Amino acid sequence: MYKICCLNNIAKVGTDHLGEGYEFVAEPEGADALMVRSANLHEMELPKGLLAIARAGAGVNNIPVERCAEQGVVVFNTPGANANAVKELVICGMLLACRDIIGGAAWVSENSDDPEVGKKAEKAKKQFGGCELAGKRVGVVGLGAIGAAVANALIDLGCEVMGYDPFLSINAAWELDRRIEHASDLGDMLARCDFVTLHVPATDATRKMISADMIARMPRGAVLLNFARDALVDEQALAEALDDGRVGRYVSDFANPASANMRNAIVLPHLGASTGEAEDNCAVMAANELKNYLENGNIRNSVNYGEVDLGPVGEGARRVALFHENVPGIIGLITAAMASSGLNIENMTNKSRGGNAYTLVEVSGEVGPEVSAQLAGIAGMRRVRMI
Ligand SMILES: NC(=O)c1ccc[n+]([C@@H]2O[C@H](COP(=O)([O-])OP(=O)(O)OC[C@H]3O[C@@H](n4cnc5c(N)ncnc54)[C@H](O)[C@@H]3O)[C@@H](O)[C@H]2O)c1
């Protein structure tokens, strides 16, 4: 029976996915795995025997990822599980920028007691009109789970779409509509677009990537959408550009003292992933990742160990999961220790990620405590787990 401790509310549809053989415990002590959303684990001592942590969401800055790796604790996240939720809000943001929908709705509220409101609305409406999205050129910065979904949806809405992502993975490229034009230079793309939407992570390399110089290259009146992170934009330069109309509108999901006070900005309170469906998707994905790891030793969507998949454990077979430093010679020592104990290796895989390596071995034969002890004694070995 695996013991799971949820440190935040995790959607039931996800925890139900674990099925038989799982028990939920209230305290982390003695748990095999933790499921979290925003619980901060940085100050927490990792429970002895903890095997994995699954974060129902993409960001893992609440988890001490490297400390976990050193102790052979796999940390999972759920990339892409909230992509549709964010995509829908981005499209909404674009439509809000096209016409003054917010101003128009506010006008109706303000005039709700006026019996002539219907007649007056016909006169008032011209101040809230605008443009259509179809036919506009949109630049998508970052074509991962969210950017690709946004780019494809915009093609369906009749936009001309350009995409910029120098690090695009092959799998992500397969997801893209072939009508999306590939841009190899961010500034050149910005210079050609009516709308630009950001979908890259905030890192040292992307901080203020929408700099004063980049903003200056945007055509007058262009719209910038930011549903990724506020750190991506030089907000002081943007505020100046919004003030004098060089940038027509800023639609952002990140309220801060600068963005909340910008002219011509529509700022939302970080609503991108706030849907029941996104929470359910994250919970189901997190539960499936944990289940596959606990029962089969397979690792998918980990942020500290590489992807490993040997499928389900073979009939009557055992698996040995080994977490170790990524150093030369260690695989030879592992196989030698197994051979000397009379174990036959049926299948084996090894993946490293930075300094962290994982070897999963399927064996036939009895795996006794002496093999385990021998493997644990190899220099650089962090954890030996029998499945
Ligand atoms: N508003 C919200 O509530 C919300 C919700 C989820 C995610 N996000 C944000 O959206 C971002 C994207 O999410 P995702 O799920 O699509 O991530 P992802 O990892 O699937 O995609 C990110 C993409 O950005 C690309 N990239 C990295 N550096 C780049 C650069 N310098 N220039 C161009 N492209 C670059 C990568 O190659 C990758 O394809 C997240 O990092 C997060 O900050 C916001």
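Every residue, every condition in (1) farther than 11 Å from ALA56 by Cβ; (2) part of a loop (DSSP other than H, G, I, E, B), yes or no:
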residue	(1), (2)
ILE10	no, yes
GLY14	no, no
HIS17	yes, no
ALA26	yes, yes
HIS42	yes, yes
**Report entry** Out of ALA241, ALA278, sole residue that is surrounded by 14 or more Cβ atoms within 10 Å (Cβ to Cβ), farther than 14 Å from ASN226 by Cα and within 16 Å of the ligand (Cβ to nearest atom)
**Finding:** ALA278
Requested in this report: Within the range 107-142, track down each residue that is among the charged types (D, E, K, R) and either touching a Phe, Trp or Tyr at 6+ places or on another chain (Cβ under 6 Å) or within 17 Å of VAL223 (Cα to Cα) (or both).
Outcome: GLU132, LYS136, ARG137
**Report entry** Filter result for the condition that a residue is in the same structural domain as GLY104 (by TED's automatic domain parsing), closer than 20 Å to CYS98 by Cα and either part of a helix (DSSP H, G or I) or within 13 Å of the ligand (Cβ to nearest atom) (or both), over ALA173, ALA124, ALA134, ALA148
**Finding:** ALA124
Query raised in the report: Does the range 94-102 contain at least one residue that is within 25 Å of ARG249 (Cα to Cα), free of Cβ contacts under 8 Å to residues at least 24 places away in the same chain and out of contact with any Phe, Trp or Tyr (no Cβ under 9 Å at 6 or more places or on another chain)?
Result: no
**Report entry** PHE167 vs. criteria within 9 Å of the ligand (Cβ to nearest atom) and either of a type outside the set (Ser, Thr, Tyr) or surrounded by 15 or more Cβ atoms within 10 Å (Cβ to Cβ) (or both)
**Finding:** yes
Query raised in the report: Looking at ALA255, is it in a loop (DSSP other than H, G, I, E, B), more than 11 Å from the ligand (Cβ to nearest atom) and either small (Gly, Ala, Ser) or at pLDDT below 95 (or both)?
Result: yes
Report summary line: GLN71 vs (1) within 16 Å of the ligand (Cβ to nearest atom); (2) touching a residue at least 60 places away in the same chain (Cβ under 8 Å); (3) of a type in the set (S, T, N, Q): all pass except (1)
**Report entry** Residue list for the range 18-30, filter: buried (at least 17 other Cβ atoms within 10 Å of the Cβ) and closer than 18 Å to ASN296 by Cα
**Finding:** LEU18, TYR22
**Report entry** Residue list for the range 219-234, restricted to those being away from the ligand (no atom under 16 Å from the Cβ) and not in a loop (DSSP other than H, G, I, E, B)
**Finding:** ALA222, VAL223
**Report entry** Considering residues of the range 366-377 that are free of Cβ contacts under 8 Å to residues at least 40 places away in the same chain and in a loop (DSSP other than H, G, I, E, B) only, the residue surrounded by the most Cβ atoms within 10 Å (Cβ to Cβ)
**Finding:** GLY368
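The values are calculated or read from the model by the stated rules, or taken from the named source; none is laboratory data. Just so you know, these numbers come straight off a predicted model, no measurement behind them. For neighbour counting, all protein chains shown are included, and Cβ atoms are generated from backbone atoms with ideal geometry for every residue, glycine included.
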